[in-house]
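The values are calculated or read from the model by the stated rules, or taken from the named source; none is laboratory data. Treat the numbers as computed from the prediction; the structure is a model and nothing was measured. Because the Cβ atoms are built from the backbone with ideal geometry, glycine has one as well, and the counts that use them run over all protein chains shown.
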Amino acid sequence: MASMSMELRVSDNDRDRAVQRLQQAFADGRLDSGEMEARLERALTATSRGELQAAVAGLPDDVVRLGSKSGRVLRVGDWRVPRALRIESVYGRVRLDLSRAVIEYPEIDIEFQLTYGSAGIVLPPGATADVDEVVTEWGGVTCEVPGRAHPGSLHVRVTGKLTYGRLRVRNPRSWLGARR
């Protein structure tokens, strides 16, 4: 019996991300043209997460995991941002400043799993962020940048759970006056 998460229906955004992974794998020489065509068809017609995962099976995950049990997770300045970032923390704050970071992808995914602690993300000018899939039990989500992706601009998809904490997504100007 398939797990519940494998049976969930996929969105157009999920399909788009899978297509981007396939295109990158083809560009990197990991797929030949025949396999690329077959996997693209599978990805574009997928209706469940299980079907979509089958289309990208065996490709590099490109997920970087950061964690802390009781300290801060801090990334600022000139740092390389991965395509997907997963941050886990029991007690601690997270601050990701992407305003001067090296970002090679048009879209990145950031997933939070924070029990006690808040998170802040600073985006470069013109970047957008979708925070609709962030869940908080005792806290809130504040996003001061547009939520819809714009062609040619960085788009950040933020997901996850902050049990007792807040998430703030801002541009560099609004961050300057915020608490550090």
> Does ARG15 meet the test of being more than 22 Å from the chain's Cα centre (by Cα), part of a helix (DSSP H, G or I) and either more than 24 Å from ILE110 (Cβ to Cβ) or in contact (Cβ under 8 Å) with a residue 12 or more places away in the chain (or both)?
Replying inline: no
> How many residues does the range 58-87 hold that are within 19 Å of ASP12 (Cα to Cα) and of a type in the set (A, V, I, L, M, F, W, C)?
Replying inline: 1
> Of ARG95, ARG75, which residue is in contact (Cβ under 8 Å) with a residue 60 or more places away in the chain, assigned by TED's automatic domain parsing to the domain that holds TYR116 and closer than 19 Å to VAL134 by Cβ?
Replying inline: ARG95
>> Go through (1) surrounded by 20 or more Cβ atoms within 10 Å (Cβ to Cβ); (2) over 14 Å from the mean Cα position of the chain (by Cα) for ALA127 and report which single condition fails.
In response: (2)
> Looking at the range 18-49, which of the residues that are surrounded by 16 or more Cβ atoms within 10 Å (Cβ to Cβ) and of a type in the set (Gly, Ala, Ser) is farthest from ILE108 (Cα to Cα)?
Replying inline: ALA46
> What are the residues in the range 27-43 that are assigned to a helix (DSSP H, G or I) and of a type in the set (Gly, Ala, Ser), if any?
Replying inline: ALA27, SER33, GLY34, ALA38, ALA43
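So in the range 61-81, with the set limited to residues that are in a loop (DSSP other than H, G, I, E, B) and in contact with a Lys or Arg (Cβ under 8 Å, 6 or more places away or on another chain), which one is farthest from THR163 (Cα to Cα)?
Taking the range 61-81 and keeping what is in a loop (DSSP other than H, G, I, E, B), we get 61-62, 69-72, 76-79.
Add one more test, that the residue is in contact with a Lys or Arg (Cβ under 8 Å, 6 or more places away or on another chain), and what stays is 62, 72, 76-78.
Numbers: ASP62: 26, ARG72: 17, VAL76: 25, GLY77: 28, ASP78: 30 Å.
Only one residue tops the list, namely ASP78.
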> Within the group VAL94, VAL134, which residue is under 13 Å from the mean Cα position of the chain (by Cα) and either crowded, with 19+ Cβ neighbours inside 10 Å or within 12 Å of LEU162 (Cβ to Cβ) (or both)?
Replying inline: VAL134
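Which residue out of VAL158, VAL81 is modelled with pLDDT of 90 or more, surrounded by fewer than 20 Cβ atoms within 10 Å (Cβ to Cβ) and within 23 Å of GLN23 (Cα to Cα)?
Matching residue, one of VAL158, VAL81: VAL81.
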>> Against the conditions (1) surrounded by 13 or more Cβ atoms within 10 Å (Cβ to Cβ); (2) among the acidic types (Asp, Glu); (3) modelled with pLDDT of 85 or more, where does ASP62 fall short? Just the number, please.
In response: (3)
> When you scan the range 82-180 for strands (runs of 3 or more DSSP E) that lie fully inside it, which ones turn up with 1 or more residues that are in contact with a Ser or Thr (Cβ under 9 Å, 6 or more places away or on another chain) and under 23 Å from VAL64 (Cβ atoms)?
Replying inline: 84-91, 94-97, 107-116, 119-122, 128-136, 155-164, 167-170
